[in-house]
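J.: Let me give you the structure first, and then I'll get to my questions.
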Amino acid sequence: MRFEHETLAQRVCFAPGDAPAAVRAEVERLGGSRAMVIAARSVAGLDEKVTAQVPVAVRHDEVVMHVPVASAERARAVAASHEVDLLVSVGGGSTTGLAKAVALTSGLPIVAVPTTYAGSEATSVWGLTEGTRKTTGVDARVLPRSIVYDATLTLSLPVAMSVASGLNALAHCVDSLWAPRTDPVDQALAGEGIRALAAGLPTVVTDPTGLEGRERVLYGAYLSAVAFSSAGSGLHHKICHVLGGAYDLPHAQTHAIVLPYVLAFNAPAAPEAERRIAEAFGAASAVEGLQRLRRAVDAPEALRDHGFDEADIDDAVRAILEVVPANNPRPVARHDLRRLLRAAWHGADPSSQQ
């Protein structure tokens with residue numbers, strides 16, 4: 001039981017139905033007087049409601065998936081020209097990611113208000129895309145100082161997107177069990193995160209307008225992100241970062257599709273992690289538990305359905321091989337990745353990876 005674990009300094013507020021007051025309180029606590037609100041056009045109106053009690057200097061809505069460097073530079077210029085002293089992000093992972101890009105060079109504090117289950121709000125990980133290459137890093141400056149979770153803000157998120165986003169959070173949990181810096185604390189958080197997500201996602205599907213399932217998924221997404229931020233990116237995230245950055249694939253759906261194949265590949269070489277995942281699902285095996293959940297929520301199935309060309313598999317394999325974690329539970333060869341990506345492209349039975 002010899003390990004070192006660093007807990008990130010962050011305030012987390014669960015405030016169902018009370019986001020405007022909670023956001024105001026967090027902005028005041030941080031001394032903000034000229035806030036820049038970052039929110040995509042898709043949540044226009046919602047962001048105004050959430051920040052109605054905040055001194056807003058400027059609103060910025062140029063939010064692009066995978067945070068292109070050019071978009072980040074424009075947002076940084078807006079923040080500087082309006083002399084803002086705090087950032088409020090209202091939205092999903094792309095929105096939080098853009099706020100992080102601004103904070104990375106300015107040091108401005110972030111109050112994050114998630115409307116999806118992406119989890120970016122609870123990590124010190126940033127990501128920027130230039131051309132076809134996505135670069136990620138870790139920096140304390142990008143960790144939001146405060147998070148305000150309000151499940152009512154996720155009610156407008158369609159069920160299919162809720163499922164994909166929730167499975168993205170589940171991927172954080174699974175990867176955290178064997179990621180480069182994993183430790184017993186990360187593994188405990190990941191296990192509880194899996195239990196919460198496995199219980200909450202089917203409820204979101206059967207009762208989309210109810211809050212019980214969505215609150216449980218938000219809780220699970222937060223735990224998953226805290227574990228992931230500490231444990232680091234495992235094989236699953238390395239694969240998905242390459243696919244997203246190089247081929248502009250949708251972030252959440254890509255994670256949802258690739259996850260069972262990486263789990264099936266790694267599980268035989270990581271029996272303790274496999275046991276934890278299976279127990280969290282209440283299943284005989286980790287893969288069986290994940291597949292049972294995926295069937296229950298009608299999860300995305302194949303990369304070919306989301307814009308990935310089969311002809312690009314070999315190029316993707318070359319790029320992924322450069323970033324495979326050295327301590328992945330199982331050695332990863334070119335033919336392994338080719339088989340994994342081809343199975344994910346077809347939506348084949350994940351057990352073919354074992």
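The values are calculated or read from the model by the stated rules, or taken from the named source; none is laboratory data. Since the model is a prediction, treat every value here as computed from it, not as a measurement. Neighbour counts are summed over all protein chains in view; Cβ atoms, including those assigned to glycine, are modelled from backbone coordinates with ideal geometry.
Per-residue answers, yes or no, for (1) small (G, A, S); (2) within 20 Å of N328 (Cα to Cα):
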| site | (1), (2) |
| --- | --- |
| D150 | no, no |
| L157 | no, no |
| L177 | no, yes |
| P184 | no, yes |
| L197 | no, no |
| R214 | no, no |
| S224 | yes, yes |
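J.: Further question on the same structure: Does segment 1-47 hold any residues that are farther than 30 Å from A231 by Cβ and part of a loop (DSSP other than H, G, I, E, B), and which are they?
T.: Residues satisfying the conditions are G17, D18, G31, G32, S33, R34, A44, G45.
J.: Report whether or not A169 is crowded, with 23+ Cβ neighbours inside 10 Å, in a loop (DSSP other than H, G, I, E, B), touching a helix residue (DSSP H, G or I) at 6+ places or on another chain (Cβ under 6 Å) and hydrophobic (A, V, I, L, M, F, W, C).
T.: Working: crowded, with 23+ Cβ neighbours inside 10 Å: yes; in a loop (DSSP other than H, G, I, E, B): no; touching a helix residue (DSSP H, G or I) at 6+ places or on another chain (Cβ under 6 Å): yes; hydrophobic (A, V, I, L, M, F, W, C): yes.
Here the answer is no, as A169 does not meet what is asked.
Listed here are the residues, each with its yes/no results for (1) farther than 21 Å from L8 by Cβ; (2) touching a Gly at 6+ places or on another chain (Cβ under 7 Å); (3) among the small types (G, A, S).
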{"residue": "V64", "(1), (2), (3)": "yes, no, no"}
{"residue": "R74", "(1), (2), (3)": "yes, no, no"}
{"residue": "D85", "(1), (2), (3)": "yes, yes, no"}
{"residue": "V88", "(1), (2), (3)": "no, no, no"}
{"residue": "G97", "(1), (2), (3)": "no, yes, yes"}
{"residue": "Y117", "(1), (2), (3)": "no, yes, no"}
{"residue": "G137", "(1), (2), (3)": "no, no, yes"}
{"residue": "V148", "(1), (2), (3)": "no, no, no"}
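J.: Has segment 177-184 got at least one residue that is part of a helix (DSSP H, G or I), at pLDDT 95 or above and of a type in the set (A, V, I, L, M, F, W, C)?
T.: Within segment 177-184 (the criterion being part of a helix (DSSP H, G or I), at pLDDT 95 or above and of a type in the set (A, V, I, L, M, F, W, C)), the answer is no, since none of the residues qualifies.
J.: Given the options S89, S71, S94, name the one that is within 24 Å of L218 (Cα to Cα) and either assigned to a strand (DSSP E or B) or without any contact (Cβ under 8 Å) to a residue 40 or more places away in the chain (or both). First the steps, then the outcome.
T.: Details: S71 fails: within 24 Å of L218 (Cα to Cα); S94 fails: either assigned to a strand (DSSP E or B) or without any contact (Cβ under 8 Å) to a residue 40 or more places away in the chain (or both).
Within the list S89, S71, S94, the selection yields S89.
J.: Right, another one. Pairs needed: first member in segment 1-27, exposed (fewer than 13 other Cβ atoms within 10 Å of the Cβ); second member anywhere, among the acidic types (D, E); C-beta distance under 7 Å; at least 6 residues apart or different chains.
T.: That search, which allows pairs on different chains as well, returns F3/D183; H5/D183; G17/D150.
J.: Can we say G91 is modelled with pLDDT of 95 or more and on the phi > 0 side of the Ramachandran plot?
T.: Answer is yes for this residue.
J.: Starting from residues that are crowded, with 24+ Cβ neighbours inside 10 Å, touching a His at 6+ places or on another chain (Cβ under 7 Å) and touching a residue at least 60 places away in the same chain (Cβ under 8 Å), keep the ones in segment 213-244 and report whichever is farthest from G191 (Cα to Cα).
T.: C240
J.: If you don't mind, another one. Which one is surrounded by the fewest Cβ atoms within 10 Å (Cβ to Cβ) among residues in segment 107-125 that are free of Cβ contacts under 8 Å to residues at least 40 places away in the same chain and part of a strand (DSSP E or B)?
T.: I110
J.: Separate question: Taking segment 313-340, which residues are closer than 14 Å to A246 by Cβ, crowded, with 17+ Cβ neighbours inside 10 Å and either free of Cβ contacts under 8 Å to residues at least 60 places away in the same chain or charged (D, E, K, R) (or both)?
T.: I313, V317, listed by residue number.
J.: Continuing with this model, one more query. Out of L98, L104, report the one residue that is surrounded by 24 or more Cβ atoms within 10 Å (Cβ to Cβ), touching a strand residue (DSSP E or B) at 6+ places or on another chain (Cβ under 9 Å) and under 27 Å from L30 (Cβ atoms).
T.: Values: L104 fails: surrounded by 24 or more Cβ atoms within 10 Å (Cβ to Cβ).
Exactly one residue qualifies, and that residue is L98.
J.: Only one residue in A296, A280, A252 is closer than 22 Å to S162 by Cα, under 22 Å from the mean Cα position of the chain (by Cα) and surrounded by fewer than 22 Cβ atoms within 10 Å (Cβ to Cβ). Which one?
T.: Answer to the selection: A296.
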